[in-house]
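Written below as structure tokens is the structure these notes are about.
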């Protein structure tokens, strides 16, 4: 049995990984999180703690799903964001090198400025604007610097078992006849199950490096909300608004990328995994909740 340490195992991707990998097959998962009852407690910002766990487990792989993902909070909690999104991955990279483990690290579309007119590939130069993207890019760089065998996978607009945009929209539909949703931000809604399958396809290979991993196709947040309501049989009306209008309604919100579509170019070039279309994935997701 190959032991895999999963950080942030109680999050959306961590749960999807547990469902896919934890089927009694080739893998034994060592689930960790921070402050979650019933799960091995691990503060990824504590190098000694990370090293101690990995020395004890001697994992085949480490899958880092832990992150400070609250984009607005990252703007004011900069130290915390850097500790979790940069120092945490550095610590796991150091541990992976010492224990001979391969490292899977999850990153984000926010490493790009969001001003492109065509999908970003892995060969485009990052230039994050928001603190979330800056700290996640720092984490990527630490992984490159300290890990020997690694997979960095950038994803976007993730939803799964947990708090996410889909659940928020469905909750709002219970008490609202209409809602306002941004229509000038475009991306690729990505199901955590699909991302877990991509990790499953990569983790046993030596196809190391940087990958983009999102569902195929693109839409705006408003279009995504409309599709969610259509599939769920909700009559809630979606009123498209601009990012500027949304900012006026929510002045504390951080700027989001206007265009954050990622091209899974490296996966396509290496024939590693093909993601499902976003419409197919959200249809399957809605049918199960």
Would you compute the Debye intensity of region 163-289 from its alpha-carbon atoms alone, equal scatterers and no solvent, and pass along log10 I(q)/I(0) at q = 0.12 Å⁻¹ to two decimals? -0.53
Taking only Cα atoms, what is the 0 to 90° angle, nearest 10, from helix 47-57's long axis to the longest principal axis of the chain? 70 degrees
Indicate the gyration tensor shape class of region 29-173 (rounded, prolate or oblate), computed on the Cα atoms with a ≥ b ≥ c the square roots of the eigenvalues: a/c under 1.5 is rounded; otherwise a/b larger than b/c is prolate and the rest oblate. oblate
Between the Cα axis of helix 221-232 and the main Cα principal axis of the chain, the angle (0 to 90°, nearest 10) is 90 degrees
Would you mind telling me which residue in 169, 92, 218 has the biggest mean-square fluctuation in a Gaussian network model of the chain, where springs connect alpha carbons within a distance under 10 angstrom? 169
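Hey, can you rank 45-51, 181-187, 202-208 by average C-beta count inside 10 Å, highest first?
Ranked by mean Cβ neighbours within 10 Å, highest first: 181-187, 45-51, 202-208.
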Once you keep just the Cα pairs under 8 angstrom separated by 6 or more residues, what percentage relative contact order results for region 120-226? 37 percent
Under the 0.36 nm per residue contour assumption, what length would be gained going from the current alpha-carbon distance of residue 72 and residue 117 to full extension? 13.7 nm
Could you grab the Rg to Rh ratio for the chain? Cα atoms only, Kirkwood for Rh. 0.96
In the chain, what % of DSSP beta bridges are antiparallel (nearest 5)? 5 percent
Using alpha carbon centroids, what distance separates region 9-29 and region 141-168, in Å? 15 Å
Using only Cα atoms, find the angle between the long axis of helix 192-203 and the longest principal axis of the chain, and express it within 0 to 90 degrees, rounded to the nearest 10. 30 degrees
Among 264, 250, 18, which one shows the biggest mean-square fluctuation in a GNM of the chain, springs joining Cα atoms closer than 10 Å? 250
Binned Cα-Cα distance frequencies in region 225-289 - 5 Å width, integer %: 3, 12, 14, 13, 17, 19, 13, 6, 2
Length released on extending from residue 41 to residue 255, taking residue separation times 0.36 nm less the Cα-Cα span: 73.7 nm
So if we plug the beta-carbon distance of residue 265 and residue 175 into 1/(1 + (r/R0)^6) with R0 = 41 Å, what FRET efficiency do we get, rounded to 0.05? 0.45
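Readers should treat all values here as calculations from the given coordinates under stated rules, not as data from a laboratory. Computed from a prediction, not measured in an experiment: that's the story for all the values here. Reconstructed Cβ throughout: ideal geometry from the backbone, glycine too, with neighbour counts over all protein chains shown.
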